[in-house]
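Below is one structure, written out as structure tokens, with a few remarks after it.
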Amino acid sequence: MQAISNNWTKQQIREIYKLPLIDLIFKAASLHREFHEYSKIKISKLISFKTGACSQDCAYCAQSSRYTTHVIPHRSLSVEEVLNEAIEAKQEGVERVCLSASWRDIPDGKEFENVLEMISQIKKEGLSVCCTMGMMNEDQAAKLADAGITAYNHNLDTSDEHYPKIITTRSYKERLATIDCLINAGVQHCTGGIIGLGETDEDRISMIHQLATMRKHPYTVPLNVLVPVKGTPLENNPILSSWEMMRMIATVRMVMPKSMICLAAGRKQMTEEAQALCFLAGANSIFVGTKLLTTPNPEIDSDMELLKILGLQAH
Ligand code: SAM
Ligand code: DTB
Ligand code: SF4
């Protein structure tokens, strides 16, 4: 079994990324089978308890207050409302939920107390809980560790170089500092990015390099294909070819063999055959339910049918 390496060079990653796609997928699929129970796909459901009215200017995001999009800001959901959504997910066969908030950073006080209460109540239902709520400090990371979350999603989104073209209201360094807080507190981090932001192949290689040289590889690497949202600066970006997503997934699988890979946003724009190749290349987690945070996602029944056709099991 190949050892896990945290000192990949950009050139090594570039050589993998540039392999002929058919060879890259074959190699990644082989490695995937060494490190994972390849027939198992983790399914999770997103629960957006605080939607829209976000102070940040992320150029892809429907929830930024700077753009007029289909998202109508909503008051935060109560602990009870979130718990009910989690119970509904459980009835659909989902064992993990991910709580999302359109925050730049986690606020202290009542709002954070509420989140801790949500986590505790959902766990009592026998579900596992992840969160994605923006940046945090050491103290908040320790509290999330105590609450027993499975992982915290905090994306780098793109390369350090491309980042200022996409987000100006926070820095790459600040994002990395949150990931450090998580690692220090012993919380598994779920960290990846988006393709289709107008980045180059070099930007993608640079982002993968950043992830693969962290002192701890992410527990999960979520990979999103941009879902262009009307009203955002990226509304007219072309829908990315699925071949590019496969190349991305396969490269991540090769350099971070132990991490899970989540085929996150963009599945609605992909064919089922393309998704199948993404699973072959090493993706082993998806979000289910007809809505991600604010954009459409396939029906759970058609996802289950696809997994059945492929001989894969949801867990
Ligand atoms: N506000 C928190 C933050 O920014 O970390 C958490 C929620 S945020 C919406 C989670 C991730 O969703 C982003 O980092 C981005 O990678 C992804 N995302 C948001 N809008 C997207 C879009 N239109 N297409 C693809 N991915 C998107
Ligand atoms: C991640 O990387 N992708 C998920 C999850 N982490 C929170 C969110 C995708 C959101 C897609 C855009 C939307 O629905 O608003
Ligand atoms: Fe806010 Fe997160 Fe959307 Fe950026 S990605 S605008 S921080 S909700």
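The values are calculated or read from the model by the stated rules, or taken from the named source; none is laboratory data. Just so it is clear, the structure is predicted and the values come from calculations on it, not from any experiment. Cβ coordinates were reconstructed from backbone atoms using ideal geometry, including for glycine residues, and neighbour counts include every protein chain displayed.
Annotations
- Residue in the range 41-58 that is part of a strand (DSSP E or B), under 18 Å from the mean Cα position of the chain (by Cα) and more than 30 Å from Asn137 (Cβ to Cβ) present: yes
- Exclusive hit being of a type in the set (A, V, I, L, M) and closer than 14 Å to Trp103 by Cβ, set Ala53, Ala29, Ala59: Ala53
- Scanning the range 174-203 for residues that are more than 19 Å from Met136 (Cβ to Cβ), within 15 Å of ligand 2 (Cβ to nearest atom) and of a type outside the set (Gly, Ala, Ser) yields Ile194, Ile195, Leu197.
- Where Arg204 falls short, out of the listed (1) within 12 Å of ligand 3 (Cβ to nearest atom); (2) assigned to a helix (DSSP H, G or I): (1)
- Residue check for Leu197: part of a helix (DSSP H, G or I) and of a type in the set (A, V, I, L, M, F, W, C): no
- Taking the range 207-220 as the range and being in contact with a helix residue (DSSP H, G or I) (Cβ under 9 Å, 6 or more places away or on another chain), within 16 Å of ligand 2 (Cβ to nearest atom) and in a helix (DSSP H, G or I) as the test, the residues that pass are Ile208, Gln210, Leu211.
- The range 225-254: number of residues that are away from ligand 2 (no atom under 16 Å from the Cβ) and assigned to a helix (DSSP H, G or I): 9
- Taking each residue of the range 290-302 that is in a helix (DSSP H, G or I) and looking for partners that are near ligand 2 (Cβ under 7 Å from one of its atoms) and aromatic (Phe, Trp, Tyr) with beta-carbon atoms closer than 8 Å, six or more apart or interchain, yields nothing.
- The range 216-247: number of residues that are closer than 30 Å to Ser65 by Cβ and away from ligand 3 (no atom under 16 Å from the Cβ): 8
- Any hit, the range 139-159, residues being more than 16 Å from ligand 1 (Cβ to nearest atom), under 20 Å from Thr51 (Cα atoms), surrounded by fewer than 17 Cβ atoms within 10 Å (Cβ to Cβ) and free of Cβ contacts under 8 Å to residues at least 24 places away in the same chain: no
- Residue pairs whose Cβ atoms lie under 9 Å apart, separated by 6 or more positions or on different chains, with the first residue in the range 40-63 and within 15 Å of Ala89 (Cα to Cα) and more than 9 Å from ligand 3 (Cβ to nearest atom) and the second among the aromatic types (Phe, Trp, Tyr) and modelled with pLDDT of 95 or more, are Ile43/Phe287; Ser44/Phe287; Lys45/Phe287; Leu46/Phe287.
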